[in-house]
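Taking it in order: structure first as structure tokens, then the write-up.
Here, each number is a calculation from the coordinates, and none is a lab measurement. Bear in mind that the values here come from a model prediction, so they are computed numbers and not experimental data. With ideal geometry, Cβ positions are generated from the backbone for all residues, glycine too; neighbour counts draw on all protein chains shown.
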Amino acid sequence: MTLALYDTMAREKRPFAPQDPERVTMYVCGPTVYNYAHIGNFRPVVVFDLLFRVLRELYGEDAVVYAANVTDVDDKINKKAADEGVPINVITDRYLEAYNADAAALGALRPTFQPRVTETMDAIVGMIGRLVENGAAYAAEGHVLFSTESFPDYGKLSGRPLEDLIAGARVDVAPYKKDPRDFVLWKPSKPGEPEWESPWGPGRPGWHIECSAMIEDALGLPIDIHGGGIDLVFPHHENELAQGVCAGHSHEYARYWLHNGFLNMAEEKMSKSVGNVALAHDLLKTYPGEALRWALLSGHYRQPLEWTDTLIEQAKSALDRLYRTLDDSLREAGGEFDEPAVAPEVARALHDDLNTPSAMAALFQLSDELRAAIGKKDKGAAARARARLVGSANLMGFLTKDPQAWFQAGADDDLKTRVEALIAARQTARAEKNWPEADRIRAELAALNVEVMDGPSGATWRIKEQA
Ligand code: AMP
Ligand code: ZN
């Protein structure tokens, strides 16, 4: 089965063929860690996590090498550190930890590597040195600039005409630039700010060179897949590509460029500068991570997606439906288990440029098949259908919880204790054949929106489906 991916450079869907099927490489631009990340920042995390999972399924777990970087040198980090009177690593460590915890709660596997700028400084300085040697960069007034003139294909990824590139760059044209399109590879730090040694004087790297050097250092160039949000195509990825090629990697830098669309709120890109943000950290206090993941994947990754309460509620009830089928299958069709397997219709949808809406529709189909098998009390058919549903959902990062735990997650500890006590009291009443008391307790549980299901191994309970 062929995986087809939409390549921003080719402007079309292309069959995916890695350079080496035994070592498939992917890099995704990660966060600047100075604050909690908003849910829009997690759209690429979840989208590329899904691609990582699909690649692992196709090529084998150990054959896929995925690096997602962390930007830990930045003005906003410097400002936050100065405000708190602490070194920058106190800020970056704190928010990187929060970021990784949020990503894990959203079901994202840890990337193979998580390179940090501060830990890649030698490679960054080395790559700038090579660009200077190759005549693709020049030093001027403590800065080192990339000479866009040296790269005839400049603008090819974003497809912007030359005049646009010049007009865009003119906004902050500095006197030491030979061409307004030239961009910074190295610059002096402001007094009191962190700086690193270099042959061009102490300072810090520009943002674009950091990624090129981290890719070369962590994965080696060229890579198979380079990902990020659509806002990064220009100038960030255009510049990364120019640097990578001119630093000695022929014409190949990334063989496939993938970009996710924006997550919007109030019809505008979710962004800290606009202020229309919902932090994953806050959302996770109210909603299960799997529901937020479902919401993020409910639209095709290249399309814009509007983030609303309704979207999250729909995601939650979609998962409730699947977990309910799973729960019923365990209770009513018995404990026969088949090895989970990905259903062909789900694989087909995901292999078609990660068509998640179609894959989700296929999950519902599988859930209906399982329900039909339970209805017929056909244990063998139920075990097979369950294996397909669970295998397919797991590939996408869903149905990873025990159904009981899923349904009871909505209950706080007080409610849980109260429900357990009521269930125990009901058992006693029943054992004593005190039917009025047993009925009264059942009514009390119903008033708490709790459904009790009596099974061979005792009673279990779950929060009732919302009307
Ligand atoms: P930043 O911290 O803004 O550099 O963003 C980190 C990653 O999140 C990049 O890949 C961005 O393209 C992506 N990103 C930021 N905001 C959004 C958004 N509202 N929707 C989708 N992706 C976003
Ligand atoms: Zn980058």
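Among the GluC sites (Glu not before Pro) in the stretch 248-299, which ones are in a DSSP loop with at most 16 other Cβ atoms within 10 Å of the Cβ? Mind listing them?
Answer by residue number: GLU252, GLU267.
Relative contact order, percent, of the stretch 183-300 when contacts are C-alpha pairs under 8 Å separated by at least 6 residues?
The normalised contact order for the stretch 183-300 reaches 18 percent.
Give me the lysines in straight-line cross-link reach of LYS190: C-alpha distance below 26 Å, same-chain residues under 8 apart excluded.
Counting by Cα, and skipping residues close in sequence, LYS190 has these lysines nearby: LYS76, LYS79, LYS80, LYS177, LYS178, LYS272.
Where the centre of each part is set by its Cα atoms, how far does the stretch 1-58 sit from the stretch 265-307, in angstrom?
19 Å
Would you mind estimating how fast the chain diffuses translationally, via Stokes-Einstein at 10 °C and 1.306 mPa s with the Kirkwood radius over Cα pairs, in µm²/s?
Once the numbers are plugged in, D ends up at 64 µm²/s.
Excluding THR112 itself, what net charge comes from residues whose Cβ is under 14 Å from its Cβ, given Lys and Arg +1 and Asp and Glu -1?
Surrounding charge for THR112 is -1.
Count charges around ALA343 for me, please; just the other residues with Cβ under 12 Å from its Cβ, Lys/Arg as +1, Asp/Glu as -1.
For residues surrounding ALA343, the net value is +2.
How high is the relative contact order of the stretch 286-428? Use alpha-carbon pairs under 8 Å, at least six apart in sequence, and give a whole percent.
Relative contact order of the stretch 286-428: 27 percent.
In nm, to one decimal, how far is the LYS13 label point from the ALA425 one, both placed 7 Å along Cα→Cβ?
Distance between label points: 5.9 nm.
For the stretch 4-260, rounded, prolate or oblate, judged on the Cα gyration tensor with a ≥ b ≥ c (square roots of eigenvalues), a/c < 1.5 rounded, else prolate if a/b > b/c?
oblate
For the stretch 11-69, calculate the relative contact order in percent as a whole number, restricting contacts to Cα pairs under 8 Å that are 6 or more residues apart.
Across the stretch 11-69, relative contact order equals 55 percent.
Quick one: Karplus J couplings for the stretch 92-103, per residue in order, coefficients 6.51, -1.76, 1.60, θ = phi - 60°, nearest Hz, x for Gly and Pro?
With coefficients 6.51, -1.76 and 1.60, one gets 5, 5, 4, 7, 5, 4, 5, 4, 5, 5, 5, 4 Hz.
So if I take the centroid of the Cα atoms in the stretch 146-206 and the same for the stretch 76-112, what is the distance between those two points in Å?
Taking the Cα centre of the stretch 76-112 as reference, the centre of the stretch 146-206 is 27 Å away.
Count neighbours as other Cβ atoms within 10 Å of each site's Cβ, and list the GluC sites (Glu not before Pro) in the stretch 1-109 that are DSSP loop with at most 13 such neighbours.
Those that pass, being in a loop and sparsely packed, are GLU22.
Just how large is the dipole of the stretch 4-260 about the Cα centre, in debye to the nearest 20, putting +1 at every Lys and Arg Cβ and -1 at every Asp and Glu Cβ?
That gives a dipole near 480 debye.
Using only the Cα atoms of the stretch 310-406, build the gyration tensor, take square roots of its eigenvalues as a ≥ b ≥ c, and label the shape rounded, prolate or oblate: rounded if a/c is under 1.5, else prolate if a/b is larger than b/c, else oblate.
It comes out oblate by the Cα gyration axes.
Going by a ≥ b ≥ c, the root eigenvalues of the Cα gyration tensor, does the stretch 185-278 fall in the rounded group (a/c under 1.5), the prolate group (a/b larger than b/c) or the oblate group?
Cα axes put the stretch 185-278 in the oblate bin.
Under the 0.36 nm per residue contour assumption, what length would be gained going from the current alpha-carbon distance of ASP352 and GLU336 to full extension?
2.5 nm
Can you list residues from other chains, or at least 5 along the same chain, whose modelled amide H is less than 5 Å from the amide H of THR32?
Here THR71 satisfy the definition.
Search the structure for amide H atoms under 5 Å from the amide H of VAL24, placed 1.01 Å from N in the peptide plane, and list their residues when 5 or more places away or on another chain.
Close amide H contacts, sequence-distant or interchain: VAL64, VAL65.
Less than 24 Å apart at the alpha-carbon level, and either on another chain or at least 8 residues along: which lysines does that give for LYS316?
LYS269, LYS285, LYS401, LYS416, LYS464
Treat each spin label as a single point 7 Å out from the Cα along the C-beta direction, and report the LYS76 to ARG130 distance in nm.
3.0 nm
Please give the length that would be gained between GLU451 and VAL173 if that part of the chain were fully extended, namely 0.36 nm times their separation in residues minus their C-alpha to C-alpha distance (nm, one decimal).
Result for the pair: 93.4 nm of gain on full extension.
Modelled label-to-label distance, THR417 and THR310, 7 Å Cα→beta-carbon offset: nm?
4.0 nm
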